[in-house]
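Data first, discussion second: the structure below is written as structure tokens.
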Amino acid sequence: MSSDASDTSPRSLLTAAGDALLDRKEQLTLDELAGLAALPDSAIPSLAALAHEVRLAWCGPEVEVEGILSAKTGGCPEDCHFCSQSSKFETQVLATPFLDTDEVLRAAEETARLGASEFCIVLAVRGPDERTMQRILELVPLVQDRVGINVAVSAGILDDDQASRFAAAGVHRYNHNLETAASFFPEIVTTHTWEERFDTCRRVRAHGMELCCGVLLGMGETDAQRIELIGQLRDVEPAEIPINFLNPRPGTPLSDRPVVGPLEAIRWIALFRLGLPSVILRYAGGREVTLRELQAMGMTSGINALIVGNYLTTLGRTPDEDLQMLDDLRMPIGVLSKVL
Ligand code: SF4
């Protein structure tokens, strides 16, 4: 089906997007995405349906399941205004030391039992000091050998030497979030720059690890800044993008922000899929408070991966509820990698 370029009706914009992404397998321009972002609420179900078709065509039907473990919680010296693990704010999160090896192995085994293919060890740090490096370098091969699961790590800003040592130790994916657009970042973080994050993302790929690069929506960024972020994500070429929605944490500077509405969240899940058709788009933190009854709709709006169990500082739905949802949707659990 072709469309008339001068026609800006929702139907015409959606048809043009479908022609590009499904028939010609071409990416949309950021201007085209901005046009779709402005569609009326009544067009969101059609936008979501297109995003689901695009996900199936570009990534297949499988859903990837991951477990995350906060191996060192709280006490972070950075001031990310959304984060209850920052030591700059009076929050209810208590700083804990690095978990011991048995606790990490137990969590990895539990994650594997749920059918997950990825286990991510997360640390609340600006970047790893040498002691932390050593702990991670000893844990990664141990978890792989004993549990037989891919190990991902999230330990903040890396230099070249650290990235190369993680890659050599077998880290499969490294998580480092851009969180938000470069133009909005200074309003959210003052202790490090967006460029430092961007550089770490580039380094992860340069050393041969898959990049997991998440976003956090609902911090006060504009629609245009969300589109800007999609463009910046294209530049770092992540294998995976966890979509987080702000769940305002007491004591943080963003504690009073309203949560993103459910239908608006669906709009942006769909737009991220349409803007980044080949990535693993993962449901992450905040989905329970944001999507409420629309959890399953997100799965048919472009999402193809889940974090199951608890998030870093908030409780998620039970793994059983999520696995039941996948079963109800007849979505098989599988291992994914970026197909571009
Ligand atoms: S988001 Fe990460 S770097 Fe920022 S305060 Fe939280 S743990 Fe620290």
For SER9 and ASP327, extending 7 Å from Cα along the Cα-Cβ vector and measuring point to point gives, in nm, a value of 4.5
On a full-extension model of 0.36 nm per residue, what is the gain between ARG317 and GLU53, subtracting their alpha-carbon distance, rounded to one decimal in nm? 92.4 nm
For the chain, longest principal axis from Cα atoms; helix 223-236 axis from its Cα atoms; angle between them, nearest 10 degrees, is 60
Charge-dipole axis of the chain as Lys and Arg at +1 and Asp and Glu at -1 on Cβ define it, positive-most pick from ILE230, SER46, GLN324: GLN324
Would you work out what percent of the accessible area of the chain, with all protein chains in place, is carbon or sulfur (probe 1.4 Å)? 50
Return the Rg/Rh value of the chain, two decimal places, where both radii are evaluated on C-alpha atoms and Rh is the Kirkwood radius. 0.95
For ASP159 and SER42 in the same chain, what is the full-extension length gain: residue separation times 0.36 nm, less their Cα-Cα distance, in nm? 37.4 nm
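In debye, nearest 20: dipole of the chain around its Cα centre with unit charges on the Cβ of K, R (+) and D, E (-)?
Once rounded to the nearest 20, the dipole reads 200 debye.
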Specify whether the C-alpha gyration tensor of the range 49-191 places it in the rounded, prolate or oblate class, a ≥ b ≥ c being the square roots of the eigenvalues: rounded for a/c under 1.5, otherwise prolate if a/b is larger than b/c and oblate if not. oblate
Determine by what factor the alpha-carbon radius of gyration of the range 194-340 differs from 2.2 N^0.38 Å, reporting the quotient. 1.04
Identify the residues of the range 247-264 with backbone N under 18 Å of a label point that sits 7 angstrom from the Cα of SER87 along the Cα-to-Cβ direction, or state none. 252
Yeah, the range 51-98 with a ≥ b ≥ c from its alpha-carbon gyration tensor (a/c under 1.5 is rounded, else prolate when a/b outruns b/c, oblate otherwise) is prolate
Please build a GNM for the chain, connecting alpha carbons under 10 Å apart, and tell me which residue among ASP23, ASP79, ASP159 fluctuates the most. ASP23
Using a cut-off of 12 Å between beta-carbons, work out the net charge of the residues near THR111 (Lys and Arg +1, Asp and Glu -1, THR111 not included). -2
Please compute the net charge surrounding GLN324, taking Lys and Arg as +1 and Asp and Glu as -1 over other residues with Cβ under 13 Å from its Cβ. -3
Give the angle, between 0 and 90 degrees and rounded to the nearest 10, that separates the Cα long axis of helix 44-59 from the longest principal axis of the Cα atoms of the chain. 60
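Scale the Cα Rg of the range 31-131 by the rule-of-thumb value 2.2 N^0.38 Å and send over the ratio, two decimals.
Compactness ratio reported: 1.57.
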Neighbours of LEU99 by Cβ distance under 10 Å: Lys/Arg at +1, Asp/Glu at -1, summed charge 0
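For ILE243, ILE333, what's the largest-to-smallest order of accessible area, 1.4 Å probe?
Putting ILE243, ILE333 in descending order of accessible area: ILE333, ILE243.
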If you check each cysteine of the chain for another cysteine whose beta-carbon is under 4.7 Å away, which ones come up empty? CYS59, CYS76, CYS120, CYS201, CYS212, CYS213
Compute the helix-to-body angle for 319-328: its Cα long axis versus the longest principal axis of the chain, expressed 0 to 90° and rounded to tens. 30
Helical contribution to [θ] at 222 nm, DSSP H n ≥ 4, -39,500 (n - 2.57), averaged over the chain, rounded to 500: -12000 deg cm²/dmol
Vicinal HN-Hα couplings computed from phi for the range 128-144 (Karplus, 6.51 cos²θ - 1.76 cosθ + 1.60; Hz; Gly/Pro x): x, 7, 5, 5, 5, 3, 4, 5, 5, 5, 7, 6, 4, x, 5, 5, 4
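The values are calculated or read from the model by the stated rules, or taken from the named source; none is laboratory data. Note that the coordinates shown come from a computational prediction; the quantities given were computed from them, not determined experimentally. All Cβ positions, glycine included, derive from the backbone under ideal geometry; neighbour counts span all protein chains shown. Note: areas computed on protein heavy atoms with side chains; ligands, DNA, RNA excluded. Shrake-Rupley method; radii C 1.70, N 1.55, O 1.52, S 1.80 Å.
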